[in-house]
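Participant: A single structure is presented below for examination.
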Amino acid sequence: TTIFLKDYKPFGFDVTSVALTFDLNPHATRVKSRIAFAPTSDAEEEIFLHGENLTLISARIDGQPVAPEITDQGLTCKVPATPFVWEAEVEIDPANNTALEGLYMSNGMYCTQCEAEGFRKITYYPDRPDVMSVFTVTINGPHPVLLSNGNPVNASEGRAEWHDPWPKPAYLFALVAGDLVAHSDSFTTRSGQEVDLNLYVRPGDEGKCAFGMQALKDSMKWDEDVYGREYDLDVFNIVAVDDFNMGAMENKGLNIFNSSAVLASPETATDSNFERIEAIIAHEYFHNWTGNRITCRDWFQLCLKEGLTVFRDSQFTSDMRSAPVKRISDVIELRARQFPEDQGPLAHPVRPESFQEINNFYTATVYEKGAEVIGMLRRLVGAEAYSKALDLYFDRHDGQACTIEDWLKVFEDTTGRDLSQFKRWYSQAGTPTVTVKDAWYAGTYILTFTQDLKPSATTADPQPQVIPIVTGLLSPSGEELVPSQVLELTEASQSFTFEGLSERPIPSVLRGFSAPVVLQRDLPEEHTAFLLAHDTDPFNRWEAGRDLARKSLLGMIREGAAPDAKYLDGLRAVFADDSLDPAYRALMLGVPGQSDLARTLHELGEVPDPQAIWDNAEGMGRAQADKLGDLLPGIYDQHQVREPYQPNAEQSGRRSLANAALRLMSLTDGPDRAQAQYDAADNMTQQLTALSVLLRQKAGDDALRAFEQQWSHDRLVMDKWFGLQVMQAEPNQVASTAQRLTEHADFNWKNPNRFRAVIGAMASHHAGFHHESGAAYTLLADWLIKLDPVNPQTTARMCSVFQTWKRYDESRQAKIAAELDRILALPDLSRDTTEMLTRIRGT
Ligand code: ARG
Ligand code: ZN
């Protein structure tokens with residue numbers, strides 16, 4: 001069944017309080033609930049409570065036994081027209097809950113994941129985000145640590161009681177019980193409230209907590225300084241769990257994290273792991289205000305909390321580290337993950353209007369494009385008005401479950417602007433293409449932009465959007481003639497005039513990637529090389545290099561052209577420039593990903609050949625190595641870090657430049673330097689980079705064995721060991737490597753991290769996944785079929801790797817269609833996977 005935004009109806013009852021008691025037992029946990037309901041003017045004579053996989057032991061209303069009507073979705077019961085108390089006892093089986101939704105077990109510990117609709121697997125309840133209430137939770141169980149939301153009110157051996165004073169929807173409920181150890185600290189809010197901070201981990205992981213704790217304290221401080229948001233409970237707890245479908249979850253006062261998203265030490269985590277952990281800790285913490293204190297009316301409004309919170313965590317990372325590097329990394333990700341979604345069969349608006357399974361809509365579009373939309377709004381109204389609007393948002397809507405209309409209204413009320421056209425960013429799917437051309441008439445310079453949005457499954461008749469195009473004009477000698485300003489493109493086609501210029505300028509458009517669009521420059525070729533050398537906007541300078549690399553690769557792939565000399569010259573100039581941030585120089589070396597090139601070829605009306613893309617990407621690497629060869633040993637040596645390891649921006653930038661040099665040097669000099677780095681490495685960044693270079697050089701067998709021996713006790717490190725072998729395989733070896741690894745004794749496929757390390761890595765190796773044999777398609781389908789009955793959420797998420805299938809040739813399409821049909825033919829396929837594959841398969 002499909003659920004529609006337009007069908008929203010308020011619930012007919014207020015929930016005035018909730019008391020839950022858990023008697024923990026692996027296969028027979030008892031949950032007693034005592035819920036006070038008060039009918040509203042929308043009330044009917046019956047109440048419907050969600051409930052799935054529950055065994056009802058008893059139910060009473062105001063103390064009198066009742067016999068509700070029960071289906072596999074929930075129960076319906078006749079109720080009084082006045083306030084009443086619902087009491088129920090249910091039994092659940094956490095040990096057999098392999099879907100990792102509701103209350104489940106991981107390595108002997110109990111934990112929960114309730115967003116979006118997991119609470120209904122714990123007890124009967126109106127499991128919808130607009131029903132908010134105050135929870136009191138009692139946990140009985142023989143575990144040293146017993147946690148729930150809010151503040152601890154009472155604890156004794158085998159028993160703990162928690163009270164959360166802040167009304168919340170059920171999706172923010174959490175419970176954890178187990179033999180855990182705490183890494184503790186504290187934070188004093190700016191109004192003087194002391195907060196106990198704990199990071200709970202399994203014994204043995206104590207040494208991996210310090211960084212996450214510091215990230216938490218930095219996040220708490222940042223949200224006070226930048227958004228004026230203070231924490232609001234006596235304790236803030238984080239728990240690391242090995243078996244978790246997603247990155248992490250913002251449960252009130254009790255965040256639960258995939259251990260890969262919080263545990264880190266220099267020996268076991270890479271620089272990028274550290275950066276990701278810092279961002280996810282911040283993200284979940286920031287949800288306390290954008291998500292928890294102000295939540296969503298219904299799940300169609302998911303971007304209200306996710307887009308805003310991603311935007312906030314990217315601001316945080318920009319402040320903590322390098323803003324240009326963060327922006328460039330975000331755009332690389334957006335193009336790699338969101339553009340394919342927006343341009344394929346899974347395209348949906350940032351605020352979808354219908355779904356079958358909400359878990360399928362925790363997407364790059366809702367999260368990352370949702371964050372871009374907020375960035376655009378801020379650009380349009382300005383930083384000051386944005387701050388005022390946010391203050392009003394927190395003021396007006398604290399304690400409420402809100403909509404995108406509420407969100408936009410605070411901006412309209414603050415600025416007097418009409419945002420009805422801007423709102424199309426929330427309702428129209430697809431990536432707009434913006435074409436720019438210029439003209440020059442004696443002192444007057446004109447930029448003309450055209451926007452075009454293709455119809456998609458959910459947006460049949462797209463209308464022009466409001467596109468903020470940050471633009472600056474440079475003089476031919478590289479001075480900023482006209483500094484950055486926001487051009488507001490609102491029409492299908494529109495011109496902007498600049499008067500009184502003494503010479504024809506070079507335009508730098510879409511600075512900072514000011515809107516999530518595909519930009520086509522109908523401008524002279526030499527502009528791009530000029531911008532690579534001179535643009536004062538660091539994003540656009542990088543983008544110019546990227547553009548030249550893309551054009552060069554396309555020429556190589558389509559016409560067998562040689563790598564473009566202008567690109568290589570420009571690259572060399574930037575790469576040799578010591579005044580630039582090393583992290584930025586390393587990013588400059590990157591070229592568009594192979595899947596992104598396939599997308600561009602498809603946009604140009606061609607059928608991409610994955611093997612040809614691979615071969616030419618390899619050719620480009622060799623061309624870079626030749627062009628920069630004499631610089632590389634010096635850059636490598638000069639950027640070695642001799643001080644003790646720190647995961648900060650400064651050190652990790654140096655390592656990323658040195659390691660980029662190492663990779664290139666290996667193409668001409670072979671594996672010796674990488675072997676030396678491997679042998680000397682005292683941190684995971686250096687060790688793993690060296691191992692990956694060795695594997696690409698087919699000289700990694702010894703290191704691979706040594707690595708396995710050294711790290712077999714550490715699950716997170718072994719995930720890297722599994723994944724790297726697939727990622728570094730030649731295209732024709734990818735499926736067989738993945739297949740071999742699935743037979744490894746430590747391939748625990750029910751663990752989502754391990755499953756993704758092997759099967760996910762296979763699917764993200766573009767040339768390997770799309771190898772003409774079709775072996776990877778079949779292997780993936782086999783595993784999806786095996787995983788679906790165990791864990792539908794992780795299965796459905798993995799299905800999205802098929803979303804680009806219509807780009808490829810008929811033979812590949814036929815092979816993929818056969819696999820999709822094979823899966824879809826299964827009689828008991830989950831709702832999650834059925835929805836994903838039906839949308840992807842199309843008609
Ligand atoms: N709200 C969580 C976050 O953004 C993600 C939860 C995802 N849950 C799900 N069932 N898809 O950090
Ligand atoms: Zn989130």
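Participant: Any idea which residue in segment 272-283 is nearest to ligand 2 (Cβ to nearest atom), counting only those that are of a type outside the set (Gly, Ala, Ser) and either crowded, with 24+ Cβ neighbours inside 10 Å or over 20 Å from residue 648 (Cα atoms) (or both)?
Facilitator: Among residues in segment 272-283 that are of a type outside the set (Gly, Ala, Ser) and either crowded, with 24+ Cβ neighbours inside 10 Å or over 20 Å from residue 648 (Cα atoms) (or both), the one nearest to ligand 2 (Cβ to nearest atom) is 283.
Participant: Let me ask another. Would you check which residues across segment 358-369 are under 11 Å from the mean Cα position of the chain (by Cα), assigned to a helix (DSSP H, G or I) and closer than 20 Å to residue 284 by Cβ and list them?
Facilitator: 364, 366, 367, 368
Participant: So, one more: Scan segment 142-171 for residues that are among the small types (Gly, Ala, Ser) and surrounded by fewer than 19 Cβ atoms within 10 Å (Cβ to Cβ) and jot them down.
Facilitator: 155, 156, 158
Participant: Confirm whether residue 372 is closer than 15 Å to residue 515 by Cβ, within 15 Å of ligand 2 (Cβ to nearest atom) and not in a loop (DSSP other than H, G, I, E, B).
Facilitator: No: the conditions fail for residue 372.
Participant: While we're looking at this one, here's another question. Could you please give the count of residues in segment 284-314 that are among the hydroxyl-bearing types (Ser, Thr, Tyr), away from ligand 2 (no atom under 11 Å from the Cβ) and assigned to a helix (DSSP H, G or I)?
Facilitator: Of the residues in segment 284-314, 1 are among the hydroxyl-bearing types (Ser, Thr, Tyr), away from ligand 2 (no atom under 11 Å from the Cβ) and assigned to a helix (DSSP H, G or I).
Participant: Which residue, of 515, 544, 529, is within 34 Å of the chain's Cα centre (by Cα) and not in a helix (DSSP H, G or I)?
Facilitator: Step by step, each of 515, 544, 529 is checked, and only 515 is within 34 Å of the chain's Cα centre (by Cα) and not in a helix (DSSP H, G or I).
Participant: Another question, if that's okay. Filter segment 315-333 down to the residues that are without any contact (Cβ under 8 Å) to a residue 60 or more places away in the chain, polar (S, T, N, Q) and within 16 Å of ligand 2 (Cβ to nearest atom) and list them by number.
Facilitator: Of everything in segment 315-333, just one residue is without any contact (Cβ under 8 Å) to a residue 60 or more places away in the chain, polar (S, T, N, Q) and within 16 Å of ligand 2 (Cβ to nearest atom), namely 317.
Participant: Can you go through 331, 325, 350, 310 and tell me which one is surrounded by fewer than 23 Cβ atoms within 10 Å (Cβ to Cβ), on the phi < 0 side of the Ramachandran plot and among the β-branched types (Val, Ile, Thr)?
Facilitator: Result of the check over 331, 325, 350, 310: 331.
Participant: Which strands (runs of 3 or more DSSP E) does segment 178-283 wholly contain that include 1 or more residues that are aromatic (Phe, Trp, Tyr), away from ligand 1 (no atom under 16 Å from the Cβ) and at negative phi?
Facilitator: 181-188, 194-201
Participant: Here's a follow-up. Go through segment 511-567 and count every residue that is closer than 25 Å to residue 368 by Cα and polar (S, T, N, Q).
Facilitator: Selection size over segment 511-567: 3.
Participant: State the number of residues belonging to segment 818-839 that are farther than 16 Å from residue 359 by Cβ and within 28 Å of the chain's Cα centre (by Cα).
Facilitator: Count: 4.
Participant: Working only within segment 297-332, note down all residues that are polar (S, T, N, Q) and closer than 18 Å to residue 537 by Cβ.
Facilitator: Correct list: 314, 318, 322, 329.
Participant: Quick one: what pairs do we get from segment 274-289, first residue under 24 Å from residue 400 (Cα atoms) and touching a residue at least 60 places away in the same chain (Cβ under 8 Å), second away from ligand 1 (no atom under 13 Å from the Cβ) and basic (Lys, Arg), C-beta under 6 Å, 6+ apart or different chains?
Facilitator: Once the first residue is under 24 Å from residue 400 (Cα atoms) and touching a residue at least 60 places away in the same chain (Cβ under 8 Å) and sits in segment 274-289, its partners that are away from ligand 1 (no atom under 13 Å from the Cβ) and basic (Lys, Arg) give 289/229.
Participant: Something else: Examine segment 451-464 for a residue that is in contact with a strand residue (DSSP E or B) (Cβ under 9 Å, 6 or more places away or on another chain), modelled with pLDDT of 95 or more and β-branched (Val, Ile, Thr), and state whether such a residue exists.
Facilitator: Within segment 451-464 (the criterion being in contact with a strand residue (DSSP E or B) (Cβ under 9 Å, 6 or more places away or on another chain), modelled with pLDDT of 95 or more and β-branched (Val, Ile, Thr)), the answer is no, since none of the residues qualifies.
Participant: Then there is this: Residue by residue through segment 377-402, note down the ones that are within 23 Å of the chain's Cα centre (by Cα) and surrounded by fewer than 20 Cβ atoms within 10 Å (Cβ to Cβ).
Facilitator: Hits for segment 377-402 are 378, 379.
Participant: May I pose another question? Of all residues in segment 437-477 being β-branched (Val, Ile, Thr) and farther than 17 Å from residue 509 by Cβ, which is surrounded by the fewest Cβ atoms within 10 Å (Cβ to Cβ)?
Facilitator: Checking each candidate, the answer is 444.
Participant: Another question, if that's okay. Identify, from the list 480, 543, 525, 499, the residue that is charged (D, E, K, R) and buried (at least 20 other Cβ atoms within 10 Å of the Cβ).
Facilitator: Residue meeting the stated conditions: 543.
Participant: Can you pull out the helices (runs of 4 or more DSSP H) entirely within segment 552-607 that have at least 3 residues that are surrounded by fewer than 20 Cβ atoms within 10 Å (Cβ to Cβ) and without any contact (Cβ under 8 Å) to a residue 60 or more places away in the chain?
Facilitator: Result: 565-575.
Participant: When you look at residue 52, is it more than 35 Å from the chain's Cα centre (by Cα), over 25 Å from residue 293 (Cβ atoms), of a type outside the set (A, V, I, L, M, F, W, C) and modelled with pLDDT of 95 or more, yes or no?
Facilitator: Criteria not met by residue 52.
Participant: If you go through segment 454-467 one residue at a time, do you hit one that is closer than 17 Å to residue 514 by Cα and assigned to a strand (DSSP E or B)?
Facilitator: Yes, because at least one residue in segment 454-467 is closer than 17 Å to residue 514 by Cα and assigned to a strand (DSSP E or B).
Participant: Ok, one more. Restricting attention to segment 732-769, and to residues there that are surrounded by 24 or more Cβ atoms within 10 Å (Cβ to Cβ), β-branched (Val, Ile, Thr) and without any contact (Cβ under 8 Å) to a residue 40 or more places away in the chain, which single residue is nearest to residue 812 (Cα to Cα)?
Facilitator: 759
Participant: Can you tell me which residue in segment 334-359 is farthest from residue 430 (Cα to Cα), limited to those that are within 16 Å of ligand 2 (Cβ to nearest atom) and of a type in the set (S, T, N, Q)?
Facilitator: Restricting to residues being within 16 Å of ligand 2 (Cβ to nearest atom) and of a type in the set (S, T, N, Q), the top hit is 359.
Participant: Right, another one. Of the numbered conditions (1) assigned to a helix (DSSP H, G or I); (2) within 30 Å of residue 132 (Cα to Cα), residue 352 satisfies every one except a single condition; which is it?
Facilitator: Condition not satisfied by residue 352: (1).
Participant: Of the numbered conditions (1) within 16 Å of ligand 1 (Cβ to nearest atom); (2) out of contact with any helix residue (DSSP H, G or I) (no Cβ under 6 Å at 6 or more places or on another chain), residue 55 fails exactly one; give the number of that condition.
Facilitator: (1)
Participant: Which members of segment 46-64 meet the condition of being in contact with a strand residue (DSSP E or B) (Cβ under 6 Å, 6 or more places away or on another chain) and outside any strand (DSSP E or B)?
Facilitator: 51, 54, 62
Participant: Next up: Considering (1) out of contact with any helix residue (DSSP H, G or I) (no Cβ under 9 Å at 6 or more places or on another chain); (2) in a strand (DSSP E or B), say which one residue 41 fails and leave the rest.
Facilitator: (2)
Participant: Something else about it: Test residue 619 against the stated conditions and say whether it is more than 20 Å from residue 676 (Cβ to Cβ) and over 31 Å from the mean Cα position of the chain (by Cα).
Facilitator: It is true that residue 619 is more than 20 Å from residue 676 (Cβ to Cβ) and over 31 Å from the mean Cα position of the chain (by Cα).
Participant: Got a sec? Which of 336, 371 is under 29 Å from residue 833 (Cα atoms), away from ligand 1 (no atom under 11 Å from the Cβ) and surrounded by fewer than 23 Cβ atoms within 10 Å (Cβ to Cβ)?
Facilitator: Exactly one residue qualifies, and that residue is 336.
Participant: Exactly one condition in (1) closer than 27 Å to residue 26 by Cβ; (2) in contact with a Ser or Thr (Cβ under 8 Å, 6 or more places away or on another chain); (3) among the acidic types (Asp, Glu); (4) surrounded by fewer than 22 Cβ atoms within 10 Å (Cβ to Cβ) is not met by residue 206; state its number.
Facilitator: The single condition residue 206 does not satisfy is (2).
The values are calculated or read from the model by the stated rules, or taken from the named source; none is laboratory data. These figures come from a predicted structure and were not determined experimentally. Glycine gets a Cβ as well: all are built from the backbone with ideal geometry, and neighbour counts include every protein chain shown.
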